[in-house]
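One structure is given here, and the rest of the page talks about it.
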Amino acid sequence: MSERTQSEAFAAPRRELAADTFGMWIFLASEAMLFGALLLVFLAARIAYPQAFAAASGHLSLPLGTANTVVLITSSFTMALAHVFADAGRWRGATAGLAATGALGLVFLAVKGYEYRSEYLEGLAPVLGAPFRYEGPAPANAELFFNLYFTMTALHAAHLLGGIAVVGFVLARWRRTAAAGRLRRVTATGLYWHFVDVVWIFLFPVLYLIDR
Amino acid sequence: MSAAARTLATYLALLALLAATVGSAFVELGLGNAVLNVAIAAVKSVLVVVVFMRFLSGDALPRLAAAAMLLWLAILFGLTLAARLA
Amino acid sequence: MSADTYPPQSYFAAGYGPRAWFLTTDHKRVAWLYLVALTAFFFIGGAMAVVMRLELATPQGDVLTADVYNRMFSIHGIIMVWFFLVPSIPATLGNFLLPLMLGAKDLAFPRLNLASWYVFAFGSLFTLFAVIAGGVDTGWTFYTPLSSLYSDSYVSAAAFGVFIVGFSTIMTGINFIVSVHKLRAPGLTWFRLPIFVWTMYATALVMVLATPVLAASLILIVLERVFGIGVFNPELGGDPLLFQHLFWFYSHPAVYIMILPGMGVVSEILPCFARRPLFGYRAVALSSMAIAVFGFLVWGHHMFVSGQSAYAGVVFSFLSFLVAIPSAIKVFNWTLTLRKGHITFDTPMLYALGFLGLFTFGGLAGLFVASLAVDVHLHDTYFVVAHFHYIMVGGMVTAYMGGLHFWWPKMTGRMYSELWGRIAAVTTFIGFNLTFFPQYVLGYLGMPRRYHAYPAEFAFWHVLSSTGAVVLAIGYVMPFFYLGWSLLRGSAAPANPWRASGLEWQTASPPPQHNFARTPTVTEGPYAYPEPEDER
Amino acid sequence: MSWSIPFMPEQASNFAPGVDLLFYALLAFSFGLGLVLTFLVVRYSARYRAGSRADRSGRRARSLRLEIAWTAATVAIAFGLFAWGAVLFVDRNKAPADAIEIAAIGKQWMWKFRHPGGQREINELHVPVGQPVVVSLASQDVIHSFFVPAFRVKQDAVPGRTTRVWFTATKPGRYHLFCAEYCGTQHSGMRGQVIAMQPERYAAWLEARSGGEPLAAAGERLFRSLGCSGCHGAESRIPAPSLEGLYRRPVPLASRRTVIADEAYLRDSILQPQKHIVAGYGAVMPSYDELIDEDELQMIVAYIKSLAEDREP
């Protein structure tokens, strides 16, 4: 494998970076279909039971949800900064940006975990053996809301965890990767991270803000 | 406007839009709430995609992939909901 | 550029130990890894099909109990669809030939290519565990609420296995799309690409955009079984039909994932053995893309009688007739390719002609089940079973066999026995028709799908079908032997045994590690065979 | 019939001739096209095999105009067949108003039928010849599918919703009833018979089994015992939507939409009252989901429908 490009199919690193970016965008298109399908299921259920879903959505904690959205948008910001620094070859700035992004991701997961715990204690989580406790109208449809809420946010959290792992890997192998390789990794990680942020940008209003 | 400055400006715009979304939820608009929520989310997504993901610079193939993504999502949502609500 | 000017080192010589095979990034070796795995799955699924046909030879269930039969047809479906048909041509012939046809050294993401094989192997562990531990009794369609609430078989393990294998398909799709865009040799414009590359690109498009929706539906089933999230459970307000929408949104485009590569292989074989360029190249290329795109609009024709509104049925029926047009155009063009040719009937050509006939009759049967009033009668009967077997086995597997024989010399550097090849091709053609044509008649008579016992008056056709299945099984086992034999004793294959046109034939058989000594430049269209008027 | 080889199912319903005619048209179109293509392939293979002395000069294909004309003709016929199928399908979508209403329940691995007069049958369905019959299908567990090949009818029974299928038997006799949608272990055992009888023999059959309580009467008894009459009864003081003449009437909802009070509406309002809140009323009605099973639900629905009997739908 020629030192300058990772796969010998490419002559110049620039062409390989373009291929990486295109490949990542195709992967993001497939991920969008995955989240799209789940969102479709949620939308179908919400159209069928508007009042029940509105009432159930009230039980989600708006302050924590909003705070989490701020955290994730900030992590996108630090990721974008890391990319700007990597472009300019300022590797210290790039690694700082990456580290901040990973840390903010962990903060998001922590806040999410706390939210899950309080919902579990309230008896809303589809945990085996824990009976579903809910007083509002149409408890069955409300249970469907919470089950969908947990499914979608858990899948998003899993993707975020994947993103944090990748950021950790890129940082761990930072010194041993060549400049071209570093730029490719920061670009790819950035694209994925921003996608996960865009998914949350849609999930937050759809789940938390049903006519408060 | 340097790249870093543009990134910061976008970040602040995103936070402002978030505040707008949350604020609008408390204003009783009936169906308008849902439409507004999705519209603001769409604007935020465009900002992230264009500025943070550098959608407009670089070669055209990523834009092709993104266009296909949106078209296929439209097929999935459009045809399914039409078939169910008919 | 004769073969001997190439370095003698074939890609096999680059390393023989397990490390060379299981840690390879050479697309040719990954193709072999897939070929071995898929052949094993083909024989597992095929064996179950033979046992099912033995069971159905008699009206009352003599060979198997109802439960075992249900698990057998479910596993036959799951293994054949996801563990053989979907990956077959793209992962074996596609992986091997795409870089060669593009004039490239390898695919865009070689390590992703190897990773896709490991993901495929890892996913198959779950489904094989489900098979060994007791099987799954929901059919390959996993319809809810049976699969999510009422079945007590290993649905979660099987569904999770298919979910993992879906990622392997997405990885292959990404690799192919980027490779076709970024790695074409100098001078190789889009309309100089062989149809095989066009169909790989169209298939990859469908793989990337459809598979995730299947993944979502399977996740929801597993979550509903494990955590009772009730998305498809009417008690909580869930809707079982929603699963059918998600499932068929993937599964109809999936049948195009399966048939498009077969069309690509046939578009390479017919011109070579008729010594004429493919007729209407541009029409065939664009209709491949049209099939991939329009294939996403028609899934509702699986749900005409499922309680869907009549008007939705009319829309999906119209779109289903629309999607038949590109396939019809291709069949016309393939037929006209033979005109004024110098046709020889080697094994690949026999399989290609077999594909032409069987795919046509399979496709025409599609018109019956796309027509609303008739589908009310035919839905979930053996007519549908015959229809999709004509397309998937008569079309896809026949083309896969044709492609395997056509590129065998290039892949192995050995020639197979032409006599045995033709015998096997004819045997499978006869066996196939004897197995599946009677099922059309059974279908209209009203014989429902997935019955292990049936009223006596259907017995005659079932006996015919079961006899055919035995002949078909023999036809499919033969290649295993004489192709295997050719690996040991086959005569050395020249660089271009069929005098075929295409970049893959301009390098040695088997090709060296990096395919070409020097990246070739392309100056003309893909099918460099003479037109009749300029042959004098 | 034992030794003869069956090719076509019997035509025993009003739909059968029409569907078979379309089937033959599709068959003619397919074999026509298929044989033309097979003939071309065989002729070209024989005539232009390597080494034959056939004349291969001149352009290979006829003019493009002919190709397009040929393709366009095939497409036109195909869409004619589509339209034919669609028209037949949409026509049969609406059951005639005077059809006999039979309530059917698919449950793992049997069909249960209940005639308006209360007669119950399992895996057997007696129907009169010459009179339309509509079978409303419900499922107690998984998806089943009511399929009578001789009548060319098929309709899934989906849990959580009521689907309807109708036919008019035209020939007396015993016809296969299958479950077409895979539903578990005994799917192939979930079979039965539809017995079409002359109207007078059908009436006699009904009379012989009239012991059963009419569906609507059973529904009325449940309507009181479950406390529905407490709110919806004529003399109750609690504000609840009146059910008098409700069936098939438009109902304005609190969500400012108006829906027709069809069978699905009645079913949803009993099992999930929150789904449709009638305009001007509170969302106070309890759900009866756990209290009644499919049988009792069909009785109550039959009773509510009987309250609209006198009104012309």
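No value in this document is a laboratory result; all are computed from the given coordinates. These numbers come from a predicted model, not from an experiment. When we count neighbours, we look across all protein chains shown, and the Cβ atoms used for this are built from the backbone with ideal geometry, even at glycine.
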Could you work out how far the C-alpha centroid of segment A:132-190 sits from that of segment B:1-45, in angstrom? 22
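Given 0.36 nm per residue, what is the gain on full extension from C:MET478 to C:ARG282 after removing their alpha carbon distance, in nm? List each step's numbers first, then the result.
Numbers: separation 196, 0.36 × 196 = 70.56 nm, distance 3.68 nm.
In short, 66.9 nm is gained.
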Please find, in a Gaussian network model of chain A (springs between Cα atoms separated by less than 10 Å), the residue of A:MET33, A:MET79, A:MET152 whose mean-square fluctuation is greatest. A:MET33
Positive dipole terminus of segment D:100-208, leading residue within D:ALA157, D:PHE113, D:SER136 (C-beta point charges): D:ALA157
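Can you give the average number of partner chain beta-carbon atoms within 10 Å of each beta-carbon in peptide A:10-23, as a whole number?
Taking all residues of A:10-23 together, the mean is 5.
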Compute the helix-to-body angle for D:16-47: its Cα long axis versus the longest principal axis of chain D, expressed 0 to 90° and rounded to tens. 20
Can you list the lysines whose alpha carbon is less than 26 Å from that of A:LYS112, not counting same-chain residues fewer than 8 positions off? B:LYS44
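Enter the mean number of other protein chain beta carbons within 10 Å of the beta carbon of each residue in A:133-141, as an integer. All intermediate terms of the calculation are to be shown ahead of the outcome.
On the way: counts 0, 0, 0, 1, 5, 7, 3, 12, 6.
So the per-residue partner count for this stretch is 4.
In a shell of Cβ-Cβ distance under 14 Å around C:ALA459, excluding C:ALA459 itself, what net charge do Lys and Arg (+1) and Asp and Glu (-1) give?
Working: positive: C:ARG53; negative: C:GLU55, C:ASP62, C:GLU457.
My count for the surroundings of C:ALA459 gives -2.
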For chain D, what is the charge dipole size about the Cα centre, in debye to the nearest 20, if Lys and Arg each add +1 at the Cβ and Asp and Glu each add -1 at the Cβ? 2160
When the chain is fully extended, how far beyond the present Cα-Cα distance does B:ALA5 get from B:PHE26, taking 0.36 nm per residue of separation? 4.3 nm
When the scattering of chain D is computed by the Debye formula from its Cα atoms alone, each counted once and equally, what is log10 I(q)/I(0) at q = 0.08, 0.09, 0.11 Å⁻¹? -0.53, -0.62, -0.82
Separation of segment C:434-494 and segment D:162-187 by C-alpha centroid, Å? 30
Evaluate the distance, in nm, between pseudo-label points positioned 7 Å from the Cα of C:ILE132 and of A:LEU64 along their respective Cα→Cβ axes. 4.3
Looking at A:PHE53, A:PHE204, A:GLY168, which one has the Cα that reaches farthest to the positive end of the dipole of chain A (charges on Cβ: Lys, Arg +1; Asp, Glu -1)? A:GLY168
Between D:LEU291 and D:GLN140, take the C-beta separation as r, use R0 = 22 Å, and let me know the FRET efficiency to the nearest 0.05. 0.90
Provide the packing ranking of C:388-399, D:262-273, D:119-130, i.e. peptides ordered by the mean count of other C-beta atoms within 10 Å per residue, highest first. C:388-399, D:262-273, D:119-130
Which one of D:VAL284, D:GLY227, D:SER255 is farthest out on the positive end of the charge dipole of segment D:225-306, using unit charges on Cβ (Lys, Arg +1; Asp, Glu -1) and the Cα centre as origin? D:SER255
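Once you list every other residue whose beta carbon is under 15 Å from the beta carbon of C:ALA425, what net charge do they have if Lys and Arg are +1 and Asp and Glu are -1?
On the way: positive: C:ARG422; negative: C:ASP346, C:GLU418.
Once positives and negatives cancel, what remains is -1.
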Cα-based shape type of the protein assembly as shown, given that a ≥ b ≥ c are square roots of the gyration tensor eigenvalues and the cut on a/c is 1.5: oblate
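What's the average, rounded to a whole number, of partner chain beta-carbon atoms within 10 Å of each residue's beta-carbon in A:59-68? If you can, show how the numbers build up before the last one.
Numbers: counts 0, 0, 0, 3, 1, 0, 1, 5, 0, 0.
Per-residue shielding by partner chains comes out at 1.
Magnitude of the Cβ-charge dipole of segment A:13-208, K/R +1 and D/E -1, about the Cα centre, nearest 20 debye? Please list the in-between numbers first.
Working: 14 positive and 10 negative charges, 212 e Å.
Dipole size: approximately 1020 debye.
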For chain A, find the longest principal axis of its Cα atoms and tell me its angle to the long axis of helix A:13-48, 0 to 90°, nearest 10. 0
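Order the peptides D:223-232, C:25-34 from the highest to the lowest mean number of other Cβ atoms within 10 Å of their residues.
Values: D:223-232: 15.2, C:25-34: 23.1.
Descending mean neighbour count gives C:25-34, D:223-232.
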At R0 = 60 Å, how high is the FRET efficiency between A:GLU122 and D:ARG47 if r is their beta carbon distance? Nearest 0.05 is fine. 0.15
Sorted by average packing, counted as other Cβ atoms within 10 angstrom per residue and highest first, what order do A:154-161, C:316-323 take? C:316-323, A:154-161
Label-point separation, C:ALA492 to A:PHE169 (7 Å along Cα→Cβ), nm: 4.3
Sort D:TRP84, C:TRP21 so that the residue with the fewest other Cβ atoms within 10 Å of its own Cβ comes first and the one with the most comes last. C:TRP21, D:TRP84
Once you put a point 7 Å from the Cα of D:ALA204 and another 7 Å from the Cα of D:ARG65, both along the Cβ direction, what distance in nm separates them? 7.2
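Just for the protein assembly as shown, what percent of DSSP beta bridges are antiparallel, to the closest 5?
Details: 33 of 47 bridges.
Bridges in the protein assembly as shown are about 70 percent antiparallel.
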Cross-link pairs D:LYS112/D:LYS154; C:LYS105/C:LYS410; C:LYS28/C:LYS410; C:LYS105/C:LYS182; D:LYS112/D:LYS171 - those with Cα-Cα distance over 18 Å: D:LYS112/D:LYS171
Tell me which DSSP H helices of chain C clear both cut-offs, 15 Å or more of axial length from alpha-carbon atoms and a mean Kyte-Doolittle hydropathy of at least -1.0. C:27-56, C:66-80, C:110-133, C:155-182, C:195-227, C:240-274, C:281-294, C:310-337, C:347-370, C:398-412, C:418-445, C:459-489
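Rounded, prolate or oblate, given the Cα gyration tensor of segment B:1-55, with a/c below 1.5 counting as rounded? Can you show the working numbers first?
On the way: a/c = 5.42, a/b = 2.25, b/c = 2.41.
In terms of gyration-tensor shape, oblate.
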